[in-house]
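A.B. asks: I'd like to ask some things about the structure below.
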Amino acid sequence: MRPAATTGGQCLLADGHAVYADLAEDHPDAVAALSEPRSAFFGGRDGHLGSVFTPRPDGRPQIRLRWDSLARFSPLAQPYLPVLRAAIARRQRTLTLAAGQGYVLDNTRWLHARTAFTGPRLCYRALGEPMDVGP
């Protein structure tokens, strides 16, 4: 087993539904702008054009976000990025993992990132689709 990073590499997690609820209460105009179709583009040439928040049929929001150089936002959404960052910061939790540890999350609900790190680090990612197990 590889050792954990020498320094850094903590996981940063925020519940997207809690972020959405915060914004809906304090900044409904931000929710509206960040939910507009075509208000965000994530990725390179073949990226995803959509929005930060997308309503689902069950009423819960689906969240999609990245802050790197592959994220671009419409002029309507850009003024609300600082309040979005602040809402995420209020809900963010830090998780320090030891070598061999991991976590599982719903990528349409949870925002996730990591801090910078030094030293060796090995990370595996597994993707899956939820199963409808019925009643």
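A.B. asks: Of the residues that make up the stretch 120-132, is at least one aliphatic (A, V, I, L, M) and open to solvent by less than 70 Å² (accessible area, probe 1.4 Å)?
C.D. replies: no
A.B. asks: Also: Here are the criteria: (1) assigned to a loop (DSSP other than H, G, I, E, B); (2) open to solvent by less than 80 Å² (accessible area, probe 1.4 Å). Tell me which single one residue 46 does not satisfy.
C.D. replies: So residue 46 meets the others, but not (2).
A.B. asks: Return a yes/no flag: does the stretch 29-38 have any residue that is aliphatic (A, V, I, L, M), closer than 26 Å to residue 102 by Cα and touching a helix residue (DSSP H, G or I) at 6+ places or on another chain (Cβ under 7 Å).
C.D. replies: Within the stretch 29-38 (the criterion being aliphatic (A, V, I, L, M), closer than 26 Å to residue 102 by Cα and touching a helix residue (DSSP H, G or I) at 6+ places or on another chain (Cβ under 7 Å)), the answer is no, since none of the residues qualifies.
A.B. asks: Hey, another quick one. Counting only residues that are part of a strand (DSSP E or B) and under 14 Å from the mean Cα position of the chain (by Cα), which one in the stretch 1-40 is surrounded by the most Cβ atoms within 10 Å (Cβ to Cβ)?
C.D. replies: Top of the filtered list is 40.
A.B. asks: Same structure again: With respect to residue 109, is the statement that it is touching a residue at least 60 places away in the same chain (Cβ under 8 Å), under 14 Å from the mean Cα position of the chain (by Cα) and surrounded by fewer than 12 Cβ atoms within 10 Å (Cβ to Cβ) true?
C.D. replies: Judged against the criteria, residue 109 is not a match.
A.B. asks: For the stretch 71-105, how many residues are surrounded by fewer than 12 Cβ atoms within 10 Å (Cβ to Cβ) and in a loop (DSSP other than H, G, I, E, B)?
C.D. replies: The number of residues fulfilling the criteria is 8.
The values are calculated or read from the model by the stated rules, or taken from the named source; none is laboratory data. Since we're looking at a predicted model, the values are computed, not measured. No Cβ is skipped: glycine too gets one built from the backbone with ideal geometry, and neighbour counts run over all protein chains shown. Keep in mind that these areas ignore ligands, DNA and RNA; they rest on the heavy atoms of the full protein, side chains included. Shrake-Rupley method; radii C 1.70, N 1.55, O 1.52, S 1.80 Å.
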